[in-house]
Amino acid sequence: MSTPLLYALAGVGLCLLGLYGLIVYAHLLRKILALNIMGSGVFLILVALARRSGDSPDPVPHAMVITGIVVAVSATALALVLLVRFSAATGRNQLDDDEHSP
Amino acid sequence: MIEASGTPLPWIVWVILLPLIGAMLCFLWPRQGKTLGLLTALATLLAVIALYFQLLDGGVIRYAVGGWGAPLGIALYADGLSMLMLLMSALVGVGVSLYALGYFKHSPDNPAGFWPLWLLMWTGLNGLFVAGDIFNLYVTLELLGLSAVALVALAASRDALGGAMRYLFVSLLGSLCYLIGVALLYHAYGTVDIALLGTLVERNPATHVALGLMVVAMLLKSALFPLHFWLPPAHASAPAPVSALLSALVVKASFYLLLRLWFDVFSTVSMDLGMVLGVLGAAAIVWGSVLALRQTRLKLLVAYSTVAQLGYLFLPFALLSPLAWQGGVYFVLSHALAKAAMFMAAGNILAFGGHDRIADLDRVAQRLPITMTAFCLAGVSLMGLPPSGGFIAKWLLLDAALSHDQWGWAVMMMIGGLLAAAYVFKVVGFAFTQADAPHDAQPVSPFMEWSALALAVCAILLGLNAHYPLELLAIGGPVTFVSPSP
Amino acid sequence: MGAAMTEAGLFLLDLLLVLTLLCLAWWSLAATDLFKGIVLFIAFGLVLALAWVRLDAPDVALAEAAIGAGLTGALLLTTLSKLASSIDNPPAKRSSPVLLWVLLVMLAAVLGYAIMSLPQQAQGLADTVASQMGNSGVEHPVTAVLLNFRGYDTLLEMAVLLLALIAAWSLAPRAATSCEMDEALTVSPIVLALFRMLIPLMILVAAYLLWVGAHAPGGAFQAGSVLAAAGVLALLCGKRLEGRLAGWPLRLGLVLGTAMFVAVAAAVMVGGAHLLQYPLASAGKLILLIEAAATFSIGLTLAMLFSGQRPSRGPAS
Amino acid sequence: MWNSLSIVLIMIGMVFFIAGTLGLLRFPDVYTRLHALTKADNVGLGFLVAGLMLQADSLTTALLLLLIWVLVMLAGAGAGQLVAQAALQRQHPVAKSQDDGRGHD
Amino acid sequence: MNAWLPLLVLASSLVPGLIIFALKEEHTRARIALNLGGAVIKLVLVGVMVWGVFQGQTYEARLPLLPGLELALQADALALLFVVLSSVLWLVTTIYAIGYLEDSPYRSRFFGFFSLCVTSTVGVALSGNLITFLLFYELLTLSTYPLIVHRATEVARRAAKTYLVYTLAGGALLLVGVVWLYTLAGTLSFTPRGFLSGLETQHSTALSVIFVLLIAGFGVKAAILPLHGWLPKAMVAPAPVSALLHAVAVVKAGAFGIVRVVHDVYGVEFADSLNLLMPLAILAAATILYGSVRALYQDDLKRRLAYSTVSQVSYIALGTAIAGPVAAIGGIVHLVHQGLMKITLFFCAGNLAETLGIHKISEMDGVGRRMPWTMAAFTLGAFGMIGVPPLAGFISKWYLGLGALEAGQGWVIWVLVGSSLLNAAYFLPILYAAWFKAPATHWPHERSFGRQETAWMLLLPPVLTALLSLAVGLLANTTFSPLQWAVFIASLEFMP
C-alpha cells in the first residue's frame, strides 16, 4: 500500500471514530473533541491524496487544509464559549433530551 | 455569458464585500450598530439590484477572482437562480433589519452582537449564492453556519443555548461531510470549479460517494425529514429576527447548494436518488404539519411549519420536470418571505403578551391588528391559497405532477395544504377569543409590526407577478439544464 | 537493497504513526477523565503534525502544531476548568445500537473503496500552480495559493475567525474588573522570568515565520498562532490589557487583518482589475502587507478567544 | 570518527530518555516523577542535540539545534516548576515509602 | 375604459374596505360614508356596464399570471346577472348591517371583511377563466371566516372551523381539478358551450373525474347533499352575515360555479355526452328534498331558514343539470330569485332577534301584530319560496318544471311538487303562528324604538327586497327582468 493511501485510509478511520464519538457520547466537551478528530480525519484525506503527484506535493489541498484548520479552531472556540454558557445556565454538560433524540 | 472584467463596478463582488465591511464597522462602533447596520443593509440591497440589472443586460455572469480563472483561481458565478436567491435575501434582510431596530430596544436578548453577526451571515449567504467553486462554498457554508449558531445563542435562554449547541453540532457535521465530498471530487478530477467539474464528472465510485455525502450534508443542514430534529428547538428559541432569518434564508442556502451540486456538478449521476428525496419530502410535509398542529407554543408551531414546508422543496427532485423546478424555486422564494413575516409576527405577539401560548393569545386579532394581518397573509401563502407566492409554487408543482399522471405527489400537496390551513387557523381562531386570565400587554414597536406586514405583503405580491421571477430563473441556471420547457 | 530497506522502514514508520494516531484519537474520546482526554487530544495533534511532515506538508504541520494542537488544546483546557462540573466518569454514552455499527462499518467500507478507486498517480493542480508561480509575487507555493490564487477563500476565512470572536464576545459576560479576579492568581517568579524571556523570542519567531512565508513554509497563520501563544502566556501570567486599550483600539486590532485584506482586495480593482488581482510588480509587497495585518489580528483574536471574556474598559464599566 | 562519536552521544541521550520514561511510570509521586522527566529532558536532549550537531551540514543548523535545546530546557524548567507548585497547592501527598503514593496521577 | 370598468367595479368595494380597516372604531360617520358610497358607486358602475353590454360593448381586463395563464375579468351575460344581484343586495345589506351592528364592538374589522367579501363575490362573478374564479373563490372563503367568527365565542370559533374544514377541503379538490384540466386542455377560459369537446376521445375518464372534482369543490359552498354540514352551523354569525352567506355570496358562488362549469367549461351537450349531468340532477333533487325535510324539524328560525337554503340553492344545480334550455332558464333565474327571497327572510329573522329577542319559531306567536311590516315582508318571502304565483319563486319553478318535461325528465316534476309541499309545510305554520295566534304577554328581550316597530335601517331593507321579489315576478316579461336576462343567457348556450 502506498503512503498516500495509508494516510488517507487512516483519515477515513479518524472520521468514523469522530462520528462515532459525536453520536455516542453525551458530554458536550467530548462531542467537541469528536468533531475535531473527525475534522482532522477529513484534513488527512485531503492532504494525503495530494501526495500522489510525485516529487512535490500538490499545494492546493495544503492551502485548503490550513484554511480548514483555522475554520475548525474558530468553530471550536465558538462551541466552547457556548458550552460554558450552557453549562452555567443549566448546570449540565449534556443536552437535555440526549437520551431519546437521535 | 459575459466575463465581467473591465466593468468599473463588479457588483457581484460588492454584494459580498458590502455586508462584510458593514459587519466590521458595526463591530468597531457598536454604539452606532443600528445606523451602520441599516445603512449596510440598504447598500447591499442596492448592490443586489444593480447586479440584477447587470444580469438582465448581459446574461449569466462569471467573474474570476484574482484574474486567475478556473481551475487555479476561484470563480464567482451568477445566473437567474443565484439572482433570485440574492434578491430574496436582500428583501428579507432589509425587512429583518428594520424589524431588529424595534426588537432589540425592548428585548432582554443581547443586542450588541446582532448587527455584526447578522451582516457576517449575510456575507456568507451572498457569498454562497454566487460561489462557483465547491471549496469556496465550504467556507461560505461555515461562515453561514457559525453565524447562525451565534445568532441563535443571542437569546441566551436555556432553550436557546441548548438549541444553538445542537444546531452547531449538526452544522459542523454537515460541513465536514460536505468537505469529504470536496476532497474526493478534487482528488478525482483535479479541480473544485463547479463548471469544470460539471464537464468532467463521470460515473465512478468516488463520484457516487461524494454525491452521497454532499447530499446527506445538505439534507442535514436543510433539515429534511428525518434529519429535522435540530431545527424546531433552534428556530423557536432564537430571538424573533433571527428565527426569521434562519427559517427564511439559512435553510434555503443549503437547499440552493444542493440544487447547484445536483444539476451543475452531478447532473450525470444524480438522477437515481431523486425519488428518495421526493419521498422524504412528502413525509416531511405530513410529519412536520402534524407536529405543527400539535404544538401549544406559537414559535414552535411556526418552526415545525418550516419543517413541513421544506418538504415541498424536495418534491421536484422526484418530479423531474422544468415546471417542477420552477415550482420548487418559487416555493423557496415564497416561503422565505412568508415565513420571515410569520416569525416576525410571532415575535410581536411574544413581545406583546410576554408568552406565546397559543390557547392564551387573548384577542390579538383586535389588539395587534397589523401583526395579525401579517400573520394571516403569510399563512395564506403557506397554505398555498391564491393569490400568493405559495399558490403559484403549488400550482407549478401540481401542474408538473398531474401532467405526468403522478398522482401521489398531488395528493401529498393537497394534504399538506390542508394541514397548513389547519395549523394556521388554529392560531387565528384563538387570536379572536379572550383568554381566561387577561394579561398586561407591552407596547410593540411600529417597526416590528410594519416590517412583518411588508414582508407578508411581498409574499402575496409574489403571487401576482410570477412571470418576472420565472423569466429571471430562465437566465442560465440548472432549470434550463434539465430539459427544454414543454 | 538499501533503498528498499529505507522504503520498508519508512512504511513501518508510517504504519506506526497511523496506528498511534488512531489509538490516541480513540483514547482521547474514551478517556474516563476529561482532562486526560484533552491531554491525549493534544498529543494526537502533535502526532498528527508529524504525519503532516511525512506527507510533505510542513505548512500544515506548523499550523496543526500551533493551532490544531496548541491553541485548541489550550482552549479546551481552559473551558474544562470553567464547566459546572468536570466529572464525566464513566463517560455518559448512549447504548450504541447495532444499526450504528452497521452504518459506520458500511460508511468506512464505502469511503475506503472510493478512496482506493482513485488513480494512484494524480497531478492535481501541482503543475498549474508551478507554472503560475512566477506571477504570484511569492516563491512558496502554499503561500501563493493561500494569498493569491485562492486568496478569496482566505479572505472569507479571516471573516470566519472574526465571526468566532464576535460570537464569543456576544455570548460571554464582560470580564469582572481586573483586580477582582487576579487576586486568586499568584504567579510564581520563575514563570514570570520565563515569560519575560519568551515573549520577545516568540514575537521574533512570529516575525520570522511571517517573513519566511514568502519563500518557505510559514506564513500568516503560523506566525499568528505563535503570537497568540505569546498572548496566552501573557494571560496566564496575569497580564491584562490596559483599560484604555480595551475599547476601540483592541477592536481595531481585531478587525485589522480582515479589513486590510478587504482593503487591498478592493483597492486593486481601482485600475479595472479583478478583486484580489494584484499588480505583478507589487504583488509580493501587498501579500506581505496583508499577511502582516493578518498575523497581528490572528494572534490577538486567538488570544482573546482563549481569555473567553470581553476585556472590560477599566473599573468604571 | 565523527560519525561514531555522534552515534555514541545519541545512544547516551537515548539511555537518559529511557530512564526518564521508566521513572515517569514507576516513581511514586508527582515530585519524583517530575525529577525523572526533567532529567531526561535536559540531559538526554542535551546529548541528543550534541550528537545531531555533529551531523549538521552547516553551522546555522547546528546553532538552531542548540537553540532548541535551550528553549526546551527553559520550557521544561518552567513547566516543571508550575506542575510542582500546583501539586503543592492542592496538597498532593509526598510518598514516604515505595508504595504510598500509588494509584493517583 | 373597457378594461378599467371591471377593475373599478372590484375597486369600488375593495378600496373602501381597506380604508375601513384603518379607521378607528369611533369614526362611525366616515365608515358609513365609505360603505354606502362604495355600494352606490358600485351600483352605478354596474349599471354603466350593463348598459354597455346591452349596447354590444365587451368589458375585459387581463393580468398575466404565469406563462400561458392570465387572470381575466370579463363581463358576459351570466357574469352581469350575478354582478347586478350582488351589488344591489350589497347596498341593501350594508344599510341593514349598519343598523344591526350599531353599538357592537369591532365594526371596522367587520365592515372591512364585509367589503372584501363582496369584492370576492363580484370577482367570482366577473371571472373570465377558472383560475381567476379559483382565486376569488378562495378569497371569499378567507374573507368570510372573520365574519363568522366575529362574535368570538367558543361556538362561533367552532362554527368557523367547521366552515373552513369544508370550504378549504373543497378548495383543494377544486385546485386539483383545475390544474388537471389545465394540463389536459391548456386553457381555462370560459367559453360558451365549453372548451373541451375536442378532448373527449382520449380523456373521457379523466374529464369525468375532473368534473366530479370541480362539482365537489363548488358543491361545498353550494351546500349540495353530503357537503352541506357547515351551513346550519354558520348561523352563529350576525344576521347580516347570514343574509350575505345564504343569499348572495357564499352559496351563490358555489351554485354559480356549477353553472359555469356545466355551461362554459364542459358545455351542456358535452357534459351530457359524458353522462355527467344525470347524477348531478339526482344529487340536486335529493338535496332539495333532504333540505326541506330537515327544515321541518328545526325550531330555531335561522336554522330552519338555513336548511331551506340547502334545499333552494339546489334548484339552480337542478336546472343546470337537466340539460335543456328552458330548465336552464329556470335554474339561472333562481340564482336571482332565491337571493331576493332568502335575504328578505334572513333580514326579518334578524329583526325579530334584534328587536324582540326572538330566535325560536315557538316564540313567534302573534308577532305579526307587534311587527306588521317585518312580518309582511317575511310573508312575501315565504310565499315566494313556496312558489305562489306571481311571486319570484313561482317563475323559477314553472320554468324548471316546463324544462324538465321538455327534456323528457318527468320525475323532476314530482320533486318540485314534493319540495313545494314541504316548503309550505315548514313556512305556513310560521305564518299562521305569527298572524293568527295570540301574542305572548312579553317578548324574550324587547327593545323599544318609539313609535316604529324597529329601527328604520332594519326595516327598510327587508321591505325593499320583498317588494323586489314581488316585482321580478310581476314584471318577468319586461326587457331587463332577470327572467329575460336568463333567457338570453340560455340562448347563448343552447342556440346554435
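Key figures for this structure:
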{"quantity": "The stretch C:237-260 - residue that is modelled with pLDDT under 85 and within 12 Å of another protein chain (Cβ to nearest Cβ) and, of those, surrounded by the fewest Cβ atoms within 10 Å (Cβ to Cβ)", "calculated": "C:TRP248"}
{"quantity": "Residue in the stretch C:14-31 that is touching a residue at least 12 places away in the same chain (Cβ under 8 Å), among the acidic types (Asp, Glu) and outside any helix (DSSP H, G or I) present", "calculated": "no"}
{"quantity": "Lone unmet requirement of (1) away from chain E (no Cβ under 12 Å); (2) surrounded by fewer than 24 Cβ atoms within 10 Å (Cβ to Cβ); (3) modelled with pLDDT of 90 or more for B:ILE415", "calculated": "(1)"}
{"quantity": "Some residue of the stretch C:34-54 being at pLDDT below 90 and crowded, with 16+ Cβ neighbours inside 10 Å", "calculated": "yes"}
{"quantity": "Output for the stretch B:336-393, where each listed residue is small (Gly, Ala, Ser), out of contact with any Gly (no Cβ under 8 Å at 6 or more places or on another chain) and not in a helix (DSSP H, G or I)", "calculated": "B:GLY354"}
{"quantity": "Residues of the stretch B:197-224 satisfying the condition of being in a helix (DSSP H, G or I) and either within 11 Å of chain C (Cβ to nearest Cβ) or among the hydroxyl-bearing types (Ser, Thr, Tyr) (or both)", "calculated": "B:THR199, B:PRO205, B:ALA206, B:THR207, B:HIS208, B:VAL209, B:ALA210, B:LEU211, B:GLY212, B:LEU213, B:VAL216"}
{"quantity": "Condition check for C:LEU147: assigned by TED's automatic domain parsing to the domain that holds C:ILE287, of a type in the set (A, V, I, L, M) and out of contact with any Gly (no Cβ under 7 Å at 6 or more places or on another chain)", "calculated": "yes"}
{"quantity": "Unique residue being within 14 Å of another protein chain (Cβ to nearest Cβ) and surrounded by 22 or more Cβ atoms within 10 Å (Cβ to Cβ) when the list is B:GLY113, B:GLY93", "calculated": "B:GLY113"}
{"quantity": "Hits in the stretch B:157-180 (condition: at the interface with another protein chain (Cβ under 7 Å from one of its Cβ atoms) and of a type outside the set (Phe, Trp, Tyr))", "calculated": "B:ARG158, B:LEU161, B:GLY162, B:ALA164, B:MET165, B:ARG166, B:LEU168, B:LEU172, B:LEU173, B:LEU176, B:LEU179, B:ILE180"}
{"quantity": "Filter result for the condition that a residue is more than 24 Å from E:ARG158 (Cβ to Cβ) and away from every other protein chain (no Cβ under 11 Å), over B:ALA401, B:ALA378", "calculated": "B:ALA378"}
{"quantity": "Any hit, the stretch E:472-495, residues being touching a helix residue (DSSP H, G or I) at 6+ places or on another chain (Cβ under 9 Å), surrounded by fewer than 19 Cβ atoms within 10 Å (Cβ to Cβ), of a type in the set (Asp, Glu) and in contact (Cβ under 8 Å) with a residue 40 or more places away in the chain", "calculated": "no"}
{"quantity": "Search result, residues across the stretch C:139-167 that are assigned to a loop (DSSP other than H, G, I, E, B) and either within 7 Å of chain B (Cβ to nearest Cβ) or at pLDDT below 90 (or both)", "calculated": "C:ARG150"}
{"quantity": "Tabulated pairs, the stretch C:270-282, first away from chain B (no Cβ under 11 Å), second surrounded by 12 or more Cβ atoms within 10 Å (Cβ to Cβ) and not charged (D, E, K, R), C-beta under 8 angstrom, 6+ apart or interchain", "calculated": "C:SER282/C:GLY137"}
{"quantity": "Breaking point among (1) in a helix (DSSP H, G or I); (2) under 22 Å from the mean Cα position of the chain (by Cα), for B:HIS228", "calculated": "(1)"}
{"quantity": "Residue identified as over 24 Å from E:ALA77 (Cβ atoms) and among the aliphatic types (A, V, I, L, M) among E:ILE332, E:ILE395, E:ILE361", "calculated": "E:ILE361"}
{"quantity": "Residue that is modelled with the highest pLDDT [pool: residues in the stretch A:47-65 that are surrounded by fewer than 23 Cβ atoms within 10 Å (Cβ to Cβ) and not in a helix (DSSP H, G or I)]", "calculated": "A:SER56"}
{"quantity": "Criterion (within 10 Å of chain C (Cβ to nearest Cβ), touching a Ser or Thr at 6+ places or on another chain (Cβ under 7 Å), farther than 24 Å from B:ALA238 by Cα and buried (at least 24 other Cβ atoms within 10 Å of the Cβ)) met by exactly one of B:ALA131, B:ALA150, B:ALA183", "calculated": "B:ALA131"}
{"quantity": "Selection within the stretch B:150-168 - hydrophobic (A, V, I, L, M, F, W, C) and free of Cβ contacts under 8 Å to residues at least 60 places away in the same chain", "calculated": "B:ALA150, B:ALA153, B:ALA156, B:LEU161, B:MET165, B:LEU168"}
{"quantity": "Candidates C:ALA263, C:ALA292, C:ALA234 - the one that is in a helix (DSSP H, G or I), out of contact with any Pro (no Cβ under 9 Å at 6 or more places or on another chain), at the interface with chain B (Cβ under 10 Å from one of its Cβ atoms) and surrounded by fewer than 22 Cβ atoms within 10 Å (Cβ to Cβ)", "calculated": "C:ALA263"}
{"quantity": "Single residue of the stretch B:240-273 satisfying the filter (surrounded by fewer than 23 Cβ atoms within 10 Å (Cβ to Cβ) and of a type in the set (D, E, K, R)) that is modelled with the lowest pLDDT", "calculated": "B:ASP272"}
{"quantity": "Matching residues in the stretch B:307-348 - criterion: being under 17 Å from B:ILE460 (Cβ atoms) and among the β-branched types (Val, Ile, Thr)", "calculated": "B:VAL332"}
{"quantity": "Identity of the residue in the stretch C:1-39, of a type in the set (D, E, K, R) and under 28 Å from C:ASP56 (Cβ atoms), that ends up farthest from the chain's Cα centre (by Cα)", "calculated": "C:GLU7"}
{"quantity": "Check on E:GLN298, more than 22 Å from E:GLY401 (Cα to Cα) and either surrounded by fewer than 24 Cβ atoms within 10 Å (Cβ to Cβ) or at pLDDT 90 or above (or both)", "calculated": "yes"}
{"quantity": "Checking C:LEU194 against (1) in contact with a Pro (Cβ under 7 Å, 6 or more places away or on another chain); (2) modelled with pLDDT under 85, the condition it does not meet", "calculated": "(1)"}
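A quick yes/no check of all residues on (1) in a helix (DSSP H, G or I); (2) more than 7 Å from chain C (Cβ to nearest Cβ); (3) within 20 Å of C:GLY219 (Cα to Cα):
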| site | (1), (2), (3) |
| --- | --- |
| A:ALA8 | yes, no, no |
| A:GLY18 | yes, yes, no |
| A:ASN36 | yes, no, no |
| A:THR67 | yes, no, yes |
| A:VAL71 | yes, no, yes |
| A:ALA77 | yes, no, no |
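The values are calculated or read from the model by the stated rules, or taken from the named source; none is laboratory data. As the structure is a computational prediction, the values presented were derived from the model and not from experiment. Note that we place each Cβ from the backbone using ideal geometry, even for glycine, and neighbour counts take in every protein chain shown.
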